[in-house]
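J.: Here's a structure for you.
The values are calculated or read from the model by the stated rules, or taken from the named source; none is laboratory data. This structure is a prediction, so every number in the text was calculated from the model and none was measured. Backbone-built Cβ (ideal geometry, glycine too); neighbour counts: all protein chains shown.
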Amino acid sequence: MATATIDLEALRIRELAERRYKFIDRKWDLMFWVTAGFVVGAAANITHLLFAGDWDFWTDWKDRQWWMTITPFATIIIPSALQYIQWRAWRFPTGATYTAVCLFFCTWIGRLLQWKYFINMPINFVWSATWIPAGILTDYVLLKSRSFILTSLIGSAVWTMGFWMSNYIMQLPYLQPTRFMGHTLTVADVQGIGYIRAQTPEYLRVIEHGSLRTFLQETQYVSLAFGTTLCVFGYWVGQFLGRRLAVWPILKYLKQY
Amino acid sequence: MRRFILTALVALLGAAAMTGLRTTSVSAHGEIAQEGFVRMEAVGWWDVRFSRSDLTQNDNMVISGTTKLLETWPSNMSNGNPEICYLTVVEPGARFVLVDRKINGMESPQSFFCSKGSVYNFSMTLRARDPGNWHVHPALAVKESGTLIGPGQYVNINSSPSGFSFPITLLNGKSIDVESYGTWLVLGFSAITLVLGMWWLLYWTVPGGVKRTITRLRVANELPLNQDGGPAVGIITRRDHRHMAYITGAAVVLTGVGFLWASSHYSGNIPLQVQWVKPPAPPVQAQLATAQATDAIYDTASDTLKIETTVTNTAKSPVTVSAFRTGNLTFLNPIAGLPHGDYEYQMKVSPEGTIEPGQTGKVTISLPGDVLRKQELLPLGQAQYVVAGVLELTDADGNRNFDTINTSLNPTST
């Protein structure tokens with residue numbers, strides 16, 4: 001009897017899902033996704049610039065200590081909020097990927113128009129990182145787990161590692177050593193010295209200067225571990241934003257069944 | 001639909017027209033936005049020279065000169081004790097590439113340790129990059145204070161048929177052009193990730209109209225948060241899971257294989273480097289005289305700033321007040337030289353003539369008020385009514401002596 005009730009309930013919901021509405025057609029869906037793209041891209045970009053702007057802007061800031069610690073935390077906030085919103089509203093495991101794609105367009109339009117075209121900075125010095133592989137992996141964790149707690153734990157680790165591995169591929173050429181002005185430097189350092197940023201003196205770089213607190217000199221892995229922990233925190237900041245600032249006010253005016 | 005296409009075309013044309021508005025030249029860099037007394041008290045500049053003013057792409061130009069962190073460095077900047085400095089160039093974007101920088105003869109690729117009262121003889125070699133007429137200054141950035149700009153000039157860069165290149169040799173012997181190195185890896189890898197991301201998104205949002213967005217809200221609203229209803233409800237199907245596994249697998253393979261390939265292809269990499277240096281002290285110059293400012297009066301009637309100084313000649317030959325340098329300006333005594341460039345002006349020295357060995361004399365230098373006002377170096381209405389700068393004294397053999405002077409500014413008419 002109970003099974004029959006459940007099946008009936010499932011059938012009712014299935015019918016709802018398959019129902020076609022006369023006045024709510026695909027154009028509205030398209031308009032929604034495109035319009036939301038601007039809002040999400042702007043929100044993600046602002047958060048990114050506020051917390052991790054310079055690290056993700058110049059190759060000579062993309063270090064193995066701070067870049068990996070700060071950027072995953074800064075950039076998980078909006079994807080997390082979007083994961084909640086899109087899962088809550090449509091059961092779409094798309095929040096992180098959608099944010100990553102919006103951020104991709106926002107950052108690349110900015111880099112190409114403002115930095116490459118207007119002031120002619122070489123794009124290989126000011127390229128934007130990509131969050132898309134990390135977003136796909138994090139969305140996959142949500143799809144399989146259907147749990148925000150598990151996604152915050154596993155997804156945050158996946159987000160940090162995915163971000164590091166995918167962007168390290170692009171950063172590696174710029175970590176090749178050379179001799180420049182009588183010193184051993186990386187290509188990224190040479191870019192930072194050569195392409196003059198008048199109001200960004202070199203001493204402003206917040207990068208690894210060395211310390212006694214590295215674990216067996218493995219700065220990279222210590223940073224990744226710490227970055228993952230921070231990322232879990234950032235994930236719940238995003239959940240708060242999604243739950244309390246986005247969905248909760250809407251639900252107050254939405255009919256509940 | 002036709003209207004939509006038309007609107008999109010107009011928007012695209014508008015955007016394209018806006019991108020055509022390229023900046024061609026900038027003639028100011030905000031140096032007069034900084035408070036006058038700060039610029040006067042903080043840094044002195046002299047003998048700044050540009051080796052060339054007309055170049056072709058890839059030509060080198062050397063900016064040389066001397067800068068000093070004055071003894072009058074303001075107590076409210078860097079806690080009154082500047083320690084980390086960065087000698088740089090202020091220009092409208094990266095129109096030149098810096099290929100060499102020496103401070104007191106030492107190669108200084110990055111920041112350097114500095115101190116109040118120290119003198120730094122510098123040379124910076126710049127390689128012409130972008131065609132155009134650019135205004136260029138040397139500048140000294142000081143940690144926890146800001147960037148102080150020296151005297152500048154326009155430099156013209158003509159285009160070269162071969163364009164610009166920035167060649168260097170890696171430690172593995174490979175020659176690269178920094179201008180384009182690694183660009184295609186960045187663009188190509190980013191584009192591939194975009195394809196994967198779009199694949200993921202389009203699958204959920206427009207798979208043949210099966211998965212709708214807006215109307216699905218009502219369906220999802222029926223289910224507990226941690227459930228998707230399973231196959232019975234069918235909003236997330238086995239096919240969906242399978243498809244997502246493919247894309248996730250592609251992302252993992254792309255990232256993993258890419259990581260292994262890049263690690264192998266670009267082996268021998270090192271972390272970003274921090275190479276701060278402590279330049280040696282420059283050769284000590286003979287002390288010819290001492291100078292002390294006793295008063296500075298701004299005379300509104302003659303629109304002149306008069307600085308009264310007491311000069312004591314400690315050398316064996318007569319000395320002359322040859323110049324006064326403040327901010328990024330130089331005021332020259334006409335008997336010592338004529339001004340040239342945008343940052344040099346004349347001053348009056350009274351009494352004219354020399355100060356004999358062993359004598360102490362009072363010398364008044366008069367600076368034109370209109371120049372100081374234009375350069376915002378008359379600190380009227382600012383937090384400190386002070387005047388400071390470097391007084392240059394020259395003996396008969398051309399030896400020069402640089403004394404930092406400062407005194408309170410009296411703004412009343414005499």
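J.: Select from the stretch B:82-112 the residues that are at pLDDT below 95 and polar (S, T, N, Q) and list them in ascending order.
T.: none
J.: Inspect the stretch B:113-122 for any residue being within 12 Å of another protein chain (Cβ to nearest Cβ), more than 17 Å from the chain's Cα centre (by Cα) and at pLDDT 95 or above and give the result as yes or no.
T.: yes
J.: Can you run down the residue pairs with Cβ atoms below 7 Å, 6 or more apart or on separate chains, where the first is in the stretch A:98-123 and touching a residue at least 60 places away in the same chain (Cβ under 8 Å) and the partner is among the charged types (D, E, K, R) and in a helix (DSSP H, G or I)?
T.: No pair meets every condition.
J.: Scan the stretch A:153-163 residue by residue and report those that are under 15 Å from B:Val252 (Cβ atoms), in contact (Cβ under 8 Å) with a residue 60 or more places away in the chain and surrounded by fewer than 24 Cβ atoms within 10 Å (Cβ to Cβ).
T.: A:Ala157, A:Met161 - these are the residues of the stretch A:153-163 that are under 15 Å from B:Val252 (Cβ atoms), in contact (Cβ under 8 Å) with a residue 60 or more places away in the chain and surrounded by fewer than 24 Cβ atoms within 10 Å (Cβ to Cβ).
J.: Further, regarding this structure: Out of the residues in the stretch B:247-294 that are surrounded by 13 or more Cβ atoms within 10 Å (Cβ to Cβ) and of a type in the set (Phe, Trp, Tyr), state the one that is nearest to B:Gly182 (Cα to Cα).
T.: B:Tyr266
Yes/no per residue for (1) more than 37 Å from the chain's Cα centre (by Cα); (2) within 30 Å of A:Val187 (Cα to Cα); (3) modelled with pLDDT under 90:
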position: B:Tyr246; (1), (2), (3): yes, no, no
position: B:Pro271; (1), (2), (3): no, yes, no
position: B:Gln275; (1), (2), (3): no, yes, no
position: B:Gln285; (1), (2), (3): no, no, yes
position: B:Thr300; (1), (2), (3): no, no, yes
position: B:Thr312; (1), (2), (3): yes, no, no
position: B:Thr320; (1), (2), (3): no, no, no
position: B:Arg325; (1), (2), (3): no, no, no
position: B:His340; (1), (2), (3): no, no, yes
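J.: Sort out which residues of the stretch B:128-159 are surrounded by fewer than 20 Cβ atoms within 10 Å (Cβ to Cβ) and either of a type in the set (Lys, Arg) or outside the structural domain of B:Glu91 (by TED's automatic domain parsing) (or both), and write them in order of number.
T.: B:Lys143 - this is the single residue of the stretch B:128-159 that is surrounded by fewer than 20 Cβ atoms within 10 Å (Cβ to Cβ) and either of a type in the set (Lys, Arg) or outside the structural domain of B:Glu91 (by TED's automatic domain parsing) (or both).
J.: Pick out, from the stretch B:1-74, the strands (runs of 3 or more DSSP E) lying fully within it that include 2 or more residues that are touching a Phe, Trp or Tyr at 6+ places or on another chain (Cβ under 6 Å), modelled with pLDDT of 70 or more and assigned by TED's automatic domain parsing to the domain that holds B:Val99.
T.: B:60-69
J.: Find the residue count for the stretch B:151-170, including only residues that are away from chain A (no Cβ under 12 Å), in contact with a strand residue (DSSP E or B) (Cβ under 6 Å, 6 or more places away or on another chain) and in a loop (DSSP other than H, G, I, E, B).
T.: So the count comes out to 2.
J.: Out of all the residues in the stretch A:109-138, which are farther than 20 Å from A:Arg197 by Cα, outside any loop (DSSP other than H, G, I, E, B) and more than 7 Å from chain B (Cβ to nearest Cβ)?
T.: Of everything in the stretch A:109-138, those that are farther than 20 Å from A:Arg197 by Cα, outside any loop (DSSP other than H, G, I, E, B) and more than 7 Å from chain B (Cβ to nearest Cβ) turn out to be A:Ile109, A:Ala134, A:Thr138.
J.: Separate question: Among the residues of the stretch A:85-97, which ones are buried (at least 24 other Cβ atoms within 10 Å of the Cβ) and either in contact (Cβ under 8 Å) with a residue 40 or more places away in the chain or part of a helix (DSSP H, G or I) (or both)?
T.: Listed by number, the residues that qualify are A:Gln86, A:Trp87, A:Pro93, A:Thr94, A:Gly95, A:Ala96, A:Thr97.
J.: Given (1) away from chain A (no Cβ under 13 Å); (2) part of a loop (DSSP other than H, G, I, E, B), where does B:Pro109 come up short, assuming only one miss?
T.: B:Pro109 satisfies all of (1) away from chain A (no Cβ under 13 Å); (2) part of a loop (DSSP other than H, G, I, E, B) except (1).
J.: Let me ask another. Out of (1) part of a helix (DSSP H, G or I); (2) facing chain B (nearest Cβ under 8 Å); (3) surrounded by 13 or more Cβ atoms within 10 Å (Cβ to Cβ), the odd one out for A:Trp55 is which?
T.: Tallying (1) part of a helix (DSSP H, G or I); (2) facing chain B (nearest Cβ under 8 Å); (3) surrounded by 13 or more Cβ atoms within 10 Å (Cβ to Cβ), A:Trp55 fails exactly one: (2).
J.: To continue, here is another question. Report yes if some residue within the stretch A:62-76 is under 26 Å from A:Trp236 (Cα atoms), at pLDDT 90 or above, loosely packed, with under 14 Cβ neighbours inside 10 Å and of a type in the set (Ser, Thr, Tyr); otherwise report no.
T.: No, every residue in the stretch A:62-76 fails to be under 26 Å from A:Trp236 (Cα atoms), at pLDDT 90 or above, loosely packed, with under 14 Cβ neighbours inside 10 Å and of a type in the set (Ser, Thr, Tyr).
J.: Could I ask something else about it? How many of the residues in the stretch A:177-206 are closer than 16 Å to B:Ile270 by Cα, touching a Leu at 6+ places or on another chain (Cβ under 8 Å) and crowded, with 22+ Cβ neighbours inside 10 Å?
T.: Here the count works out to 4.
J.: Out of all the residues in the stretch B:219-239, is one or more within 21 Å of A:Thr35 (Cα to Cα) and either without any contact (Cβ under 8 Å) to a residue 40 or more places away in the chain or more than 7 Å from chain A (Cβ to nearest Cβ) (or both)?
T.: As a first pass, look at the stretch B:219-239 and keep what is within 21 Å of A:Thr35 (Cα to Cα): none.
Checked against the condition, which is being within 21 Å of A:Thr35 (Cα to Cα) and either without any contact (Cβ under 8 Å) to a residue 40 or more places away in the chain or more than 7 Å from chain A (Cβ to nearest Cβ) (or both), the stretch B:219-239 yields no hits at all.
J.: Spot the failing condition for B:Tyr86; the list is (1) crowded, with 21+ Cβ neighbours inside 10 Å; (2) at the interface with another protein chain (Cβ under 7 Å from one of its Cβ atoms); (3) more than 29 Å from B:Leu391 (Cβ to Cβ), and only one is missed.
T.: All conditions are met except number (3).
J.: Go through the stretch B:218-232 and give me each residue that's out of contact with any Ser or Thr (no Cβ under 8 Å at 6 or more places or on another chain), surrounded by fewer than 16 Cβ atoms within 10 Å (Cβ to Cβ) and part of a helix (DSSP H, G or I).
T.: Matches in the stretch B:218-232: B:Gly230, B:Ala232.
J.: Scan B:Asp130, B:Asp100 and give me the residue that is acidic (Asp, Glu) and not in a strand (DSSP E or B).
T.: B:Asp130 is the lone residue from the list that is acidic (Asp, Glu) and not in a strand (DSSP E or B).
J.: Applying the selection to the stretch A:152-179, what residues are of a type outside the set (D, E, K, R) and not in a helix (DSSP H, G or I)?
T.: A:Gln176, A:Pro177, A:Thr178
J.: Let me ask something else. Quick check on the stretch B:301-320. Is at least one of its residues within 14 Å of chain A (Cβ to nearest Cβ) and surrounded by 14 or more Cβ atoms within 10 Å (Cβ to Cβ)?
T.: Within the stretch B:301-320, not a single residue is within 14 Å of chain A (Cβ to nearest Cβ) and surrounded by 14 or more Cβ atoms within 10 Å (Cβ to Cβ).
J.: Is the stretch B:307-321 home to any residue that is in a strand (DSSP E or B), touching a residue at least 24 places away in the same chain (Cβ under 8 Å), basic (Lys, Arg) and not assigned by TED's automatic domain parsing to the domain that holds B:Ser75?
T.: Within the stretch B:307-321 (the criterion being in a strand (DSSP E or B), touching a residue at least 24 places away in the same chain (Cβ under 8 Å), basic (Lys, Arg) and not assigned by TED's automatic domain parsing to the domain that holds B:Ser75), the answer is no, since none of the residues qualifies.
J.: Tell me yes or no: at least one residue of the stretch A:16-38 is outside any helix (DSSP H, G or I) and under 30 Å from A:Gly210 (Cα atoms).
T.: No, the stretch A:16-38 contains no residue that is outside any helix (DSSP H, G or I) and under 30 Å from A:Gly210 (Cα atoms).
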